[in-house]
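Shown next, in structure tokens, is the structure this report addresses.
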Amino acid sequence: MKQIKNTISKNKKIAIPLAIIFILLIAVGIYFIVQPNDSTNKKAENPLWTAHINITADMNWTKDSTPAIVHIEGNGVDLYHAVAPATDNIGTYDVDLAVGSYEVQVISPVNNDGSAYELFETGKPQTLTVDNDDNEIDNTIEMKMTFIPADKVTDEMLTTIVNDTKNAITKGDESLKGEKGKAVLEVLNTNVKENPNAEAAIDASEKAKTESTVDKAPAKTPADKETESTQPTEKPATQPSKKPAEKPAEKPAETPTPTQPTEKPANKPASHTHNWKEHHATKQVWVSKIVPQYETKKVQTGTHKVSDGWFWHCNCGAVIPVNQYEDHAVAHIEADEPDNGYEKEHFHDEPTYEEQQVQVGTKDEGYYETQSYVDYYYCDCGARK
């Protein structure tokens, strides 16, 4: 019995450190397994939701125009994105954002004839509210652009667009960097030169081509940042110790949290009949007003008699100015011929003129009128056509 007690007493010094090491290994294994779940829970607390920015021009925005550049700012986001029209006059941008409010602005495109757009309501920042909702209508903002003819676009307006575009490239995402950014500046420069009023804008555009920071790293969207922040959490999952990792194997029951959003579609009916509604937009339409143009001109209104003087009508048939009558009469007397006849005043007609307002042509002094039209149809489920 005494020998057994001695043996236990000797081994006790070795058993206690081994027990401590074993407990530490279990704790480390649990830490590395639980850690990804904590990251997932944080992500679930602050998910990203897709926001839809729709840009519509009333006319002439095509693939030959520069893109409309969207500026999104708020909640740590400050980036620019180039939006080209997918079809004539309509462009869209879908971006993943966290729940909250954002200010959205648009930099006007310049068309290939030098025309541009007035932004009316979008001239000032509009608020985009992102909710934790899959409904497309809730997380959508409409930006309207109204056409301005090239001859109405001033040099100052074009210069502002050029400088705003140059600044946008500084904070732009991948759509405004590298070859894409260079292409935007090249088209902008070409289209600005087509405007009849462009002077300082041309110089600004030439400088923008050489001074813009198209080769710097693009700004990251929230989705890009989230991807970067979640990548390192995948590595520790392969590092748990050999045996302690078996105990946390019971925890998968807690991990369905990230997959819960997939349950939402189950609430929707198996079949759905779209209830299409009209979405109205406005456009500027030219209303002609033909006005006659007049000038003051001399117009013939008739004739009047003008005297040619007095003439002697001799009985011989000769018609002679009165001041030459005596010589003619003497000739008749010397020839022993009668020299009788009569005097008569002669007249001729000349036109009479008056100054009058005369129509010389017409001029279209029309105006642009805002008209409403249906640009697309939508259903409350988020579908469009």
The answer for the per residue Cα convex hull volume of segment 299-338, in Å³, is 73 Å³
Of all C-alpha pairs within segment 54-99, those more than 16 angstrom apart amount in percent to 41 percent
Normalised per residue, the volume inside the convex hull of the alpha-carbon atoms of segment 312-356 in Å³ amounts to 68 Å³
Counting only protein heavy atoms and leaving out ligands, DNA and RNA, the solvent-accessible surface of Lys297 at a 1.4 Å probe, in Å² to the nearest 10, equals 100 Å²
Phi-derived 3J(HN,Hα) across segment 177-186 with the Karplus relation (6.51, -1.76, 1.60, θ = phi - 60°), rounded Hz, x for Gly and Pro, is 10, x, 5, 5, x, 4, 5, 4, 5, 5
Under the Karplus relation with 6.51, -1.76 and 1.60 and θ = phi - 60°, whole-Hz ³J(HN,Hα) for segment 376-383, x at Gly and Pro, equal 6, 10, 9, 10, 5, 6, x, 6
In Å², rounded to a whole number, the accessible area per residue of segment 300-376 with probe 1.4 Å is 73 Å²
Sorted by chain and number, the residues with a modelled amide H under 5 Å from that of Ala51, at a separation of 5 or more or across chains, are Val95, Asp96, Leu97
Given 10 °C, 1.306 mPa s and a Kirkwood radius over Cα pairs, the Stokes-Einstein diffusion coefficient of segment 289-377 in µm²/s is 81 µm²/s
Interchain or sequence-distant (5+) residues whose placed amide H lies within less than 5 Å of the amide H of Thr154 are none
Sorted by chain and then number, the residues having a modelled amide H within less than 5 Å of the amide H of Val83, at least 5 places away or on another chain, are Ala68, Ile69, Val70
With every protein chain kept in place and a 1.4 Å probe, the residues Trp312, Trp276 fall, from largest accessible area down, as Trp276, Trp312
The ³J(HN,Hα) series, computed from each phi in segment 305-312 with the Karplus coefficients 6.51, -1.76 and 1.60 at θ = phi - 60°, rounded to the nearest Hz and given as x for glycine or proline, is 7, 10, 6, 9, x, 9, 10, 9
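The values are calculated or read from the model by the stated rules, or taken from the named source; none is laboratory data. Note that the coordinates shown come from a computational prediction; the quantities given were computed from them, not determined experimentally. Just so you know, the surface numbers come from the protein's heavy atoms only, side chains and all, with ligands and any DNA or RNA stripped out. Shrake-Rupley method; radii C 1.70, N 1.55, O 1.52, S 1.80 Å.
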